[in-house]
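Enquirer: There's a structure below that I have some questions on.
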Amino acid sequence: MERVKAISYEGLPFRGKPTRVFAWLGIPNIKPGEKVPAMVLIHGGGGTAFEEWVRLWVDRGYAAIAMDTCGQVPVGNYGQWFRDDRGGPAGWGGFDQLDLPREDQWTFHAVADAVLAHSLIRSLPEVDPARTGVTGISWGGYLTCIVAGVDPRFKLAVPVYGCGFYRDTVFAANLEKLDPDYAARWMEWWDPSVYLAEADMPFLWVNGSNDFAYTMKAMQLSYRLTKGPRALCVRLRMPHAHGGAGENPREIHVFADSILKGGTALPGINSSGREGTNVWVACESKTLIPKAELNYTRDTGRWQDRKWEAAPAARNGSRFTAALPEGTRAYYFNLFDDRDCVVSTEHVEM
């Protein structure tokens, strides 16, 4: 039996007319009566519903659904997909839609598409509705932050790159082009910072030190808002893309398994601190931590342009320690476990 299939479901009305949402839906091969966890997958800018992303999770033993959030179907080329004549508003960001009624704007529909997909997959007899998670990439990470704040049924959320506080991202330029009242309206209605404080499920935040779109500052402001446990994975110069870069970091799989399948958790950061130029981090882990690094930059200015360097941290009892190089302006630790999973401390600005 084919485990992944194309479906469509009814979205919210757009300009008073019914809409249709395309999605790929996958269910792993299971025994009669068995129930599996499920993941909702939210694509990024220029993308659509990706079949291979669903297959990735199905191969891991999860049900998965990936929906298009821009009224499209996956026919055509990246960024130029065929539009469904019954699709909702086009993406991305809806910066040019602020004159429309709120319920006709892109973010409203994209969030609703994800929440409806969640309801759909939870209703399947093969799915355990108490074990579901959501992850999204770039604009999909942005949507993940909002969805997690409005849909408490999820047991975990993994925004990749995307976060809130858009005035501290590359998209500040889009806001600056707007009339100030429109920019304020966008921030009040559609910035994830408005919704993240309502999210109390565990979060894993995945990003790179120099992401071109979502800065470490914006991400830090975002993750400090959530109420539940959080873990960070900030690799140096992580590439920004769908496919292996954003869909397949091992940390995402391990994090989901630890919550939805009872797997071994990522290492946890217990505490960290600084005494003069000496910095340290303490962690607890059920896996070995063979390596830790101090990541530091001597640069200021745009986060995207800062040069980050890595220096080994020494194990000192239950801590890893390092000396800050002269001129350090910001730093954080990366701890690597024996599965090659990375957990990061918060970055500190000097």
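Enquirer: For segment 213-259, what are the residues that are more than 20 Å from residue 284 (Cβ to Cβ) and β-branched (Val, Ile, Thr)?
Expert: Of everything in segment 213-259, those that are more than 20 Å from residue 284 (Cβ to Cβ) and β-branched (Val, Ile, Thr) turn out to be 215, 226, 252.
Enquirer: May I ask you to verify whether residue 124 is hydrophobic (A, V, I, L, M, F, W, C) and either more than 20 Å from residue 255 (Cα to Cα) or out of contact with any strand residue (DSSP E or B) (no Cβ under 6 Å at 6 or more places or on another chain) (or both)? It would help to see each step written out before you state the result.
Expert: Values: hydrophobic (A, V, I, L, M, F, W, C): yes; either more than 20 Å from residue 255 (Cα to Cα) or out of contact with any strand residue (DSSP E or B) (no Cβ under 6 Å at 6 or more places or on another chain) (or both): yes.
So residue 124 passes the test.
Enquirer: For segment 204-253, enumerate the residues that are among the charged types (D, E, K, R) and under 19 Å from residue 169 (Cβ atoms).
Expert: Filtering segment 204-253 for residues among the charged types (D, E, K, R) gives 211, 217, 224, 227, 230, 235, 237, 247, 250-251.
Within segment 204-253, 211, 217, 224, 235, 237 meet the criteria.
Enquirer: Counting residues that are open to solvent by less than 70 Å² (accessible area, probe 1.4 Å), within 30 Å of residue 212 (Cβ to Cβ) and among the aliphatic types (A, V, I, L, M), which strands (runs of 3 or more DSSP E) fully inside segment 250-343 reach at least 2? Explain how you work it out, then say what you get.
Expert: Details: elements: 268-275, 278-284, 291-297, 308-312, 314-316, 319-323, 330-336.
In segment 250-343, the matching strands (runs of 3 or more DSSP E) lie at 278-284, 291-297, 308-312, 330-336.
Enquirer: Give the residue, chosen from 46, 93, that is in a loop (DSSP other than H, G, I, E, B) and either open to solvent by 10 Å² or more (accessible area, probe 1.4 Å) or of a type in the set (Asp, Glu) (or both). I'd like the intermediate steps shown before the answer.
Expert: On the way: 93 fails: either open to solvent by 10 Å² or more (accessible area, probe 1.4 Å) or of a type in the set (Asp, Glu) (or both).
Selected residue: 46, the only one of 46, 93 that is in a loop (DSSP other than H, G, I, E, B) and either open to solvent by 10 Å² or more (accessible area, probe 1.4 Å) or of a type in the set (Asp, Glu) (or both).
Enquirer: Still on this structure, please answer the following. What tally of residues in segment 309-329 results from selecting those that are within 14 Å of residue 276 (Cα to Cα) and of a type outside the set (Lys, Arg)?
Expert: In the first step, residues of segment 309-329 are kept if they are within 14 Å of residue 276 (Cα to Cα); the result is 321-329.
Among the residues that remain, those that are also of a type outside the set (Lys, Arg) are: 321-328.
The number of residues fulfilling the criteria is 8.
Enquirer: Next up: Give the residues of segment 70-90 that are assigned to a loop (DSSP other than H, G, I, E, B) and open to solvent by 30 Å² or more (accessible area, probe 1.4 Å), sorted by residue number. Before the answer, list the steps.
Expert: Step one: filter segment 70-90 for residues assigned to a loop (DSSP other than H, G, I, E, B), giving 70-71, 78-79, 84-90.
Across segment 70-90, the qualifying residues are 78, 79, 85, 86, 90.
Enquirer: So the check is Cβ under 6 Å with 6+ separation or different chains; which pairs have a first residue in segment 131-147 that's at positive phi and of a type in the set (Ser, Thr, Tyr) and a second one that's open to solvent by less than 10 Å² (accessible area, probe 1.4 Å) and not in a strand (DSSP E or B)?
Expert: Pairs found: 138/44; 138/161; 138/162.
Enquirer: Given (1) over 20 Å from the mean Cα position of the chain (by Cα); (2) charged (D, E, K, R); (3) not in a strand (DSSP E or B), where does residue 346 come up short, assuming only one miss?
Expert: The failed condition is (1).
Enquirer: Give segment 96-109 a look and list any residue that's of a type outside the set (Val, Ile, Thr), touching a Phe, Trp or Tyr at 6+ places or on another chain (Cβ under 8 Å) and open to solvent by less than 60 Å² (accessible area, probe 1.4 Å), or say none.
Expert: 97, 98, 104, 105, 106, 109, listed by residue number.
The values are calculated or read from the model by the stated rules, or taken from the named source; none is laboratory data. Predicted model only: the values in this text are computed from it and were never measured. Neighbour counts are summed over all protein chains in view; Cβ atoms, including those assigned to glycine, are modelled from backbone coordinates with ideal geometry. We work out accessible area using only protein heavy atoms, side chains counted, and drop any ligands, DNA or RNA first. Shrake-Rupley method; radii C 1.70, N 1.55, O 1.52, S 1.80 Å.
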